[in-house]
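Below is one structure, written out as structure tokens; comments come after it.
The values are calculated or read from the model by the stated rules, or taken from the named source; none is laboratory data. Just so we're clear, the structure is a prediction, and the values are computed from it rather than from any experiment. Quick reminder, even Gly has a Cβ in these numbers, built from the backbone with ideal geometry, and neighbours come from all protein chains shown. Ligands, DNA and RNA are excluded from the accessible area calculation, which covers all protein heavy atoms including side chains. Shrake-Rupley method; radii C 1.70, N 1.55, O 1.52, S 1.80 Å.
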Amino acid sequence: MRFFLMAAFVLALLGCGDRDKVAVYKPGDYQGKSDAAPWNNKTYNGDKAKWEGDVRARGRLQDESRRIGG
Amino acid sequence: MARMKFLCDSERCIECNGCVTACKNEHEVPWGVNRRRVVTLSDGVPGEKSISVACMHCSDAPCMAVCPVDCFYHTDQGVVLHDKDMCIGCGYCFYACPFGAPQYPQTGTFGMRGKMDKCTFCAGGPEIDHSEEEFKKYGRNRLAEGKLPICAEMCSTKALLGGDGDVVSEIFRERALKRGKGADVWGWGTAYGSAPAQQQDKAKEGKS
Amino acid sequence: MKRILFLLALCASLCVTAADAPPAQAPAAHNNVKLWQDARVGQPQFTTVRGVETGVLIQSNGETWRELRNGPMTLYGGILFCVVLGAIAVFYKLRGAIKLKAPMTGRLIPRFSYFERTVHWSMAGSFVILALSGLNMLFGKHLLLPLFGHSLFSWLAALCKNLHNFVGPLFLCSIVVAFFLFVKDNIWRASDWQWIRTAGGLISGGHVPSWRFNFGEKAWFWFGLVLIGLTISISGFVLDFPNFEQGRNIMQTANIVHVVFALMFICMSLGHIYIGTIGMEGALDAMRTGYVDETWAREHHELWFEEQQHKMSQPGAVPASGAPAAQS
Ligand code: SF4
Ligand code: SF4
């Protein structure tokens, strides 16, 4: 009984407080369904560099001065 | 590593609600759910400004901090996603979010909340990419196709920018540099740069 | 801090061109400091999207709520809970159960009618469900989630949330009925002074005569059942029925009130459960069977006991508590 209470006390104290949420997604840190990286699919076959290049290029397309100014 | 961000240029947004419509169409979100909305400040007063707002994919996300089942996660690209299979519809993320991004389809009587739905940065969710389930729960996964969010990509005035934070802020920085000074700041000179500034720019580009 | 800076940077980058204009040349309409200030303080603006507070661009109170809920409310709430549990354990260790001094007589007096017991136990049952499911909402992420893993825990949390939402209104019904049932015997009597002065004889073990309910029970009734019970119910209803167009500020406040009062309620209930079960011999029987031994009545509620004896001695009298005499 006393051990159980102590354990509950310690657990409860450990559990208190706000845990930092960092902007790094470590697989294994979050044990829900893990999400595939956007390049791990049929379109990109795990080619991360190609994906990054494509997305960057599409991002630049949003700059209309580049498009009209040549 | 790319960190995905949205940026809305209030000088350019003309409140056409195209982004809102495009988002609804792209993801076929249920009735009553609006992942994106356009808010007009001082509507009808000269100098009114419009801003398109959705989930801003916060780095220290309040929604993530308060969720009692811890169903949120950051992807490698800094997109805040959540697992709808875990969500219990408690509404806490909605209380905490500064932008009112989390939405709930009302599934029950007395306003009982369904599973939370929010902007995914067109990055789908924790299901197999491009699968039927992913589309039903989270909408289209454009990021996995090498595309950016539909709202930003189709914005007619390019007020709403989305994508890698570095790219987006660079575009905005260049735009801001071209903006007219002094008397030119009124009207479209601010939004699209004053004429002399544009010419100077072209001249410069021609030289280099 | 970082996110505030980010917001500021965002706002600043959006206003920078406007702010550049020398004030002398700018028309009044272009001085849009107020526009951004209104947006920053959460003033509702225009939007075509229909819904509650859709016109609010930024609401800062969510962050306040998050800091309070994830910080002090979780931390001090957890500490309070543990301290109360510990205090009760220590008290039990030192003082032990309150035993009857005289042997039982075997003669039973009706104390709670069948109806009163039904109301009490439905109140108690729904309270326990609400307390456990509510504690799970606040502490489950830190205590159970690491044990269960996300999938199982979310299943449990969904169950808890639905139980909480549906049992909540039932609890309010039972406390309203209980209020009318027990209010008569919870009115202040002169003998309560003595109970307060001696702390009910809990420490000294001395005897304090009292009516049907002593001051401890009255405090639990007025402070627990009435004050906290109502506060929790009202704030709970605000959260349970989001279909009355209440905004987020109201719900954040309601949540804080709800959690703070619920934690107090749970801590008080620990004391009530302790004294009603292992803390006092014969106390549980009163609520289980409805009857108490004469010795128990004399030792714990002497004035009430004498009153009952007096009533019983009169032929044809109905027991004050309204217990069916033929029962058991
Ligand atoms: S839902 Fe709100 S709090 Fe969460 S990441 Fe998006 S904007 Fe930030
Ligand atoms: S509504 Fe769902 S996602 Fe939001 S805090 Fe509750 S469980 Fe988490």
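Numbers below:
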item: Exposure of C:Ile187 as accessible area (Å², to 10), given a probe of 1.4 Å and all protein chains; result: 90 Å²
item: Among the listed pairs B:Lys158/C:Lys34; B:Lys49/B:Lys178; B:Lys5/C:Lys34; A:Lys50/B:Lys178; C:Lys101/C:Lys218; B:Lys84/C:Lys141, those beyond 22 Å (Cα-Cα); result: B:Lys158/C:Lys34; B:Lys5/C:Lys34; A:Lys50/B:Lys178; C:Lys101/C:Lys218
item: Heavy-atom accessible area ranking, 1.4 Å probe, most first, across C:His207, C:His150; result: C:His207, C:His150
item: Shielding by partners, peptide C:69-79 (average Cβ within 10 angstrom, other chains); result: 4
item: Solvent-accessible surface (1.4 angstrom probe) belonging to C:Ile234, in square angstrom, nearest 10; result: 110 Å²
item: Prolate/oblate/rounded label for segment B:4-207 (Cα gyration tensor, a/c 1.5); result: prolate
item: For B:Cys119, distant residues with modelled amide H under 5 Å away; result: B:Cys55
item: Average beta-carbon neighbours from other chains, 10 Å sphere, peptide C:38-50; result: 5
item: Distant-in-sequence amide H partners of C:Leu108 (H built 1.01 Å from N, under 5 Å); result: none
item: Inter-probe distance in nm under a simple model that places probes 7 Å from Cα toward Cβ, at C:Trp121 and C:Val226; result: 2.8 nm
item: Per-residue ³J(HN,Hα) for segment C:287-300, Karplus 6.51 cos²θ - 1.76 cosθ + 1.60, θ = phi - 60°, Hz, x for Gly and Pro; result: 7, 7, 9, x, 10, 10, 6, 4, 4, 4, 4, 5, 7, 10
item: Charge context of B:Gly18, other residues only, Cβ under 13 angstrom, K/R +1, D/E -1; result: +2
item: Estimated inter-spin distance, A:Ala8 and C:Tyr114, nm [label 7 Å along Cα→Cβ]; result: 3.6 nm
item: Between C and B, accessible area buried - total, square angstrom, nearest 100, 1.4 angstrom probe; result: 4900 Å²
item: Diffusion coefficient, µm² s⁻¹, Stokes-Einstein with Kirkwood Rh over alpha-carbon pairs of segment C:83-198 at 4 °C and 1.567 mPa s; result: 71 µm²/s
item: Cβ charges +1 (Lys, Arg) and -1 (Asp, Glu), total dipole of segment B:4-207, debye; result: 640 debye
item: Carbon plus sulfur fraction of accessible area for segment B:4-207, probe 1.4 Å, in percent; result: 56 percent
item: Partner chain coverage, peptide B:119-130 - average Cβ within 10 angstrom; result: 3
item: Reduction of at least 30 Å² in accessible surface, 1.4 Å probe, comparing all protein chains with the chain by itself, residues of segment C:157-183; result: C:Lys161
item: Interface residues in segment B:43-61 - accessible area drops by 20 Å² or more relative to the isolated chain, probe 1.4 Å; result: B:Asp43, B:Pro46, B:Gly47, B:Lys49, B:Ile51, B:Met56, B:Ser59, B:Asp60
item: Centre separation in Å (Cα based) which lies between segment B:48-74 and segment C:167-245; result: 42 Å
